[in-house]
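Engineer: Just passing along the structure, written as structure tokens.
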Amino acid sequence: MFNLTNILRENIKTLTPYSSARDEFKGEAQVLLDANENAFGSPLDKNYNRYPDPLQHELKLKISGIKGVPARNIFLGNGSDEAIDILYRAFCRPGIDNVIIVPPTYGMYEVSANINDIAIKRVNLTPGFQLNLEGIAEAIDTNTKLIFICSPNNPTGNSINRSDIETLLANFNGIVVVDEAYINFSRQKTFIQELTEYANLVVLQTLSKAWGLAALRVGMAFASEEIIEVFNKIKPPYNINQASQELALKALENVEQVNGWIREIVGERDKLSAQLLKLECISYIYPSDANFILAQTSDPKRIYGYLVDKGIVVRDRSKVELCEGCLRITIGTPTENTALIHALTAFKGNS
């Protein structure tokens, strides 16, 4: 049976979080002399001389309406990477605890573990890029606190079987983190509607991909109210700046535009996959639920270098577990995708 108190680090249980001026003040005021701000304004906009809402109430309410999740179940971070880092600092004791990752997967799970001195246990995905449940069960010990699952997965692009994730949620006494950065491009249903069923579930999403706001660095974590309280206890007081909050709010007014982009990206994904498979240098395109594809190639290093010389940058994933010979290709605009096809058609490996 999952119990949050049992896995929370002792120093976090007793932590008194930093209390900012904006946390302590409630109500309306005309004269703000509490936070040592520049009362004369800023060169950009007079609002920017004031510290932002530390808990991003307005932005969370907007996201709540779109996602159908109460605002109290939402954490906003400086990208999803901040949420990943907080999970380590909240639940994993340095030099003692461990987490499980399932390669090939997103690299920041391991980088953040190394920064926080947390041991990593790797249980590779199966050749079909699905969870090895038996291997995960064998890897779990009393000090295993987190399991990271990226679905749709990066760099493979496929969604992880939902029933396998549910098996872990039902049987693991730690936290299962389901990273859904690419969920908008998938036919699979999000896990955020399962928060009331699984107390040990944390779902990560982002405004960087489908919403096209990568430069703003706004990541989202959805979890129980108790877990969100832990996140808010640990985070820096003003982790989302005012400009990012304002611009994200403005962008979230454009749901239909974003949905149109998603449909176009998915259509371009299917079209690009079919065109690539006609080329001699491409032997296989893995099924994708993301805004990228993983392509099996004849010579990834040479093809990568050739494309760079043509001014086209893709990602060489050929040294990653189970991705030998592969390049990861983001779906571009129709013009960009056509440029890629033309370049690869002229690649001498096709002759």
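Engineer: Could you check the stretch 224-234 and list, in sequence order, the residues that are in contact (Cβ under 8 Å) with a residue 40 or more places away in the chain and acidic (D, E)?
Structural biologist: Scanning the stretch 224-234 gives E225, E226.
Engineer: If you don't mind, another one. Which of the residues that make up the stretch 13-52 are exposed (fewer than 15 other Cβ atoms within 10 Å of the Cβ) and not in a loop (DSSP other than H, G, I, E, B)?
Structural biologist: The answer is K13, D23, E24, K46, N47.
Engineer: Given the conditions (1) in a loop (DSSP other than H, G, I, E, B); (2) in contact with a helix residue (DSSP H, G or I) (Cβ under 6 Å, 6 or more places away or on another chain), report the number of the one that S112 does not fulfil.
Structural biologist: (1)
Engineer: Here's another thing I want to ask about it. Give just the number: which of (1) in contact with an Asp or Glu (Cβ under 9 Å, 6 or more places away or on another chain); (2) over 22 Å from R315 (Cα atoms); (3) without any contact (Cβ under 8 Å) to a residue 40 or more places away in the chain; (4) surrounded by fewer than 22 Cβ atoms within 10 Å (Cβ to Cβ) does R93 not satisfy?
Structural biologist: It is condition (3) that R93 fails.
Engineer: So is K278 farther than 30 Å from E110 by Cα, surrounded by fewer than 18 Cβ atoms within 10 Å (Cβ to Cβ) and either without any contact (Cβ under 8 Å) to a residue 24 or more places away in the chain or more than 27 Å from the chain's Cα centre (by Cα) (or both) or not?
Structural biologist: Taking the combined requirement at face value, the residue satisfies it.
Engineer: Right, another one. Give me the pairs: first residue in the stretch 187-203 and under 15 Å from M220 (Cα atoms), second residue aromatic (F, W, Y) and assigned to a strand (DSSP E or B), beta-carbon distance under 8 Å, and six or more apart or on different chains, which are they?
Structural biologist: Listed by first residue and then by second, the contacts come to I192/F222; L195/F222; V202/F222; V203/F222.
Engineer: How do the pairs read when you match residues in the stretch 235-254 that are in the same structural domain as N47 (by TED's automatic domain parsing) and of a type in the set (V, I, T) with residues anywhere that are modelled with pLDDT of 95 or more and assigned to a helix (DSSP H, G or I), using Cβ under 8 Å and keeping only pairs 6 or more apart or on different chains?
Structural biologist: From residues that are in the same structural domain as N47 (by TED's automatic domain parsing) and of a type in the set (V, I, T), the pairs are I240/L59.
Engineer: Does S273 satisfy the criteria of being part of a helix (DSSP H, G or I), out of contact with any Ser or Thr (no Cβ under 6 Å at 6 or more places or on another chain) and more than 30 Å from Q296 (Cβ to Cβ)?
Structural biologist: no
Engineer: Take the conditions under 20 Å from A215 (Cα atoms), within 23 Å of the chain's Cα centre (by Cα) and modelled with pLDDT of 95 or more and apply them to I63. Does it pass?
Structural biologist: For I63, the condition - under 20 Å from A215 (Cα atoms), within 23 Å of the chain's Cα centre (by Cα) and modelled with pLDDT of 95 or more - is met.
Engineer: In addition: Of A223, A215, which residue is within 15 Å of the chain's Cα centre (by Cα), surrounded by fewer than 16 Cβ atoms within 10 Å (Cβ to Cβ) and in the same structural domain as Y106 (by TED's automatic domain parsing)?
Structural biologist: A215
Engineer: Name the residues in the stretch 292-351 that are touching a residue at least 60 places away in the same chain (Cβ under 8 Å) and in a helix (DSSP H, G or I), would you?
Structural biologist: P334, N337, L340, I341, L344, T345, G349, N350
The values are calculated or read from the model by the stated rules, or taken from the named source; none is laboratory data. Model, not experiment: these values are computed from the prediction. In this analysis, Cβ positions are derived from the backbone assuming ideal geometry, glycine residues included, and neighbour counts consider all displayed protein chains.
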